[in-house]
Amino acid sequence: MAISKANAADILIMKPKSVEYLIKKTRLVTVNVSGREMVTEESLFKEIGERYRRLGNALEVKSSSGNICRCGCGEETNEGKRFKSGHDQALEGIIRYFLLSGKK
Ligand SMILES: [Zn+2]
């Protein structure tokens, strides 16, 4: 099954523009249903699963982890930085998802 991009944005608690970004990055997969570009449920569930994984990883990164990005991606940061560029906002988005999902 597939759902509309607007519905995917609601479920993921993101702006439609961010859903387009995830489609471009192939983290969300779309199919054509009667001429409408729809998001597959499978890719939506994978994205939600990835959020659980990332938050779990972020919670395990210790201040003693050196130059490992605190967002949970496992990548190295530049010397002295806690996050890779943009990854602090990505973690914020994941936390927002867990705080707001199911609250509507
Ligand atoms: Zn990161």
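For this structure, a couple of remarks:
- Sum of -39500 (n - 2.57) over DSSP H runs of 4+, divided by residues of the chain (222 nm, nearest 500): -15500 deg cm²/dmol
- Using Cβ point charges alone (K and R +1, D and E -1), the dipole size of the chain about the Cα centre works out to roughly 240 debye.
- Both radii are taken from the alpha-carbon atoms of segment 2-100; with Rh as the Kirkwood radius, Rg/Rh is 1.05.
- Full extension of the segment from SER4 to TYR21, taken as 0.36 nm per residue of separation minus the current Cα-Cα distance, would add 4.6 nm.
- Cα-based Lys pair tally, the chain, threshold under 27 Å, eight or more apart or on separate chains: 29
- Simple spin-label estimate for ILE95 and GLU75 in nanometres, 7 Å along Cα-Cβ: 2.0 nm
- Amide H within-cut-off set for ILE68, under 5 Å, with H built and near neighbours excluded: THR77
- Model label zone, GLU42; criterion: amide N under 12 Å from point 7 Å along Cα-to-beta-carbon; scope segment 1-22: 1-2
Rule-based calculations on the coordinates, nothing more; no lab input. Fair warning: this is a prediction, and the values are worked out from it, not measured in the lab. Cβ coordinates were reconstructed from backbone atoms using ideal geometry, including for glycine residues, and neighbour counts include every protein chain displayed.
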